[in-house]
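Enquirer: Mind having a look at this structure? Questions to follow.
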Amino acid sequence: MRMDEDPKNQWQSAAALPLFNGGKVFGILVLIWHQQQLFDANTKQTLSDISTDASNIISAGEASLAAEKATQELKRYETLFQNAGWAMAIADPESHQLIYSNLAFATMHGYTQAEMRNLNLADTFSIEARKQLPVLAARAEKEGSFSYETKHLRKNGTSFDCK
């Protein structure tokens with residue numbers, strides 16, 4: 001049974017974290033989990049630390065002296081990203097074009113990872129919720145991580161709640 005067909009599969013928590021490079025937001029890390037109120041204070045701090053670490057690694061990757069270390073660290077984070085138990089995606093903060101998503105994010109929306117590369121983050125929000133996207137991206141850039149509630153959309157057109 002696919003993840004999006006399981007009636008018990010109610011996605012309950014969502015968070016957005018900015019990714020910085022040179023002091024400018026270049027992406028947003030989106031996390032979605034099936035448990036309600038997953039993002040307590042300790043979890044928020046851990047996710048904020050991961051966002052900071054990922055931003056630092058990516059920034060370090062641009063420096064030629066740190067390129068090899070950054071590549072190794074990036075592989076480590078990519079493995080973590082792909083195998084995490086919750087859905088995650090990185091999107092451009094202005095255009096909302098999906099840059100990267102893990103298998104859980106693609107599966108919960110009914111897409112393959114290859115299909116996700118051609119989507120905009122707005123394509124994963126219900127039509128009614130798409131107007132929230134610019135506000136959520138701006139808030140992530142300004143405040144850092146935060147939780148939000150919205151409806152998401154599967155490839156087959158069905159929607160589901162994210163709290």
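The values are calculated or read from the model by the stated rules, or taken from the named source; none is laboratory data. The shown structure was predicted, so the numbers you read here are calculated from the model rather than taken from an experiment. Every residue, glycine among them, receives a Cβ derived from its backbone with ideal geometry; neighbour counts consider all protein chains shown. Accessible surface is based on the protein model in full, side chains and every heavy atom, while ligands, DNA and RNA are left aside. Shrake-Rupley method; radii C 1.70, N 1.55, O 1.52, S 1.80 Å.
Enquirer: Determine which member of the set LEU31, LEU38, LEU65 is out of contact with any helix residue (DSSP H, G or I) (no Cβ under 6 Å at 6 or more places or on another chain), farther than 17 Å from PHE125 by Cα, open to solvent by less than 50 Å² (accessible area, probe 1.4 Å) and at pLDDT below 80.
Expert: From the options LEU31, LEU38, LEU65, the qualifying one is LEU38.
Enquirer: Quick one: is GLN132 at pLDDT 80 or above, assigned to a helix (DSSP H, G or I), among the polar types (S, T, N, Q) and surrounded by 17 or more Cβ atoms within 10 Å (Cβ to Cβ)?
Expert: The answer is yes for GLN132.
Enquirer: Next question. Determine if the stretch 141-151 includes at least one residue that is under 15 Å from ALA14 (Cβ atoms), open to solvent by 30 Å² or more (accessible area, probe 1.4 Å), in a strand (DSSP E or B) and modelled with pLDDT of 90 or more.
Expert: Within the stretch 141-151 (the criterion being under 15 Å from ALA14 (Cβ atoms), open to solvent by 30 Å² or more (accessible area, probe 1.4 Å), in a strand (DSSP E or B) and modelled with pLDDT of 90 or more), the answer is yes, since at least one residue qualifies.
Enquirer: Evaluate the stretch 43-62: report whether one residue or more is at pLDDT below 65 and either under 12 Å from GLY144 (Cα atoms) or outside any loop (DSSP other than H, G, I, E, B) (or both).
Expert: yes
Enquirer: To continue, here is another question. For LYS142, work out the one condition from (1) of a type in the set (Lys, Arg); (2) more than 18 Å from LEU17 (Cα to Cα); (3) without any contact (Cβ under 8 Å) to a residue 12 or more places away in the chain it doesn't fulfil.
Expert: (2)
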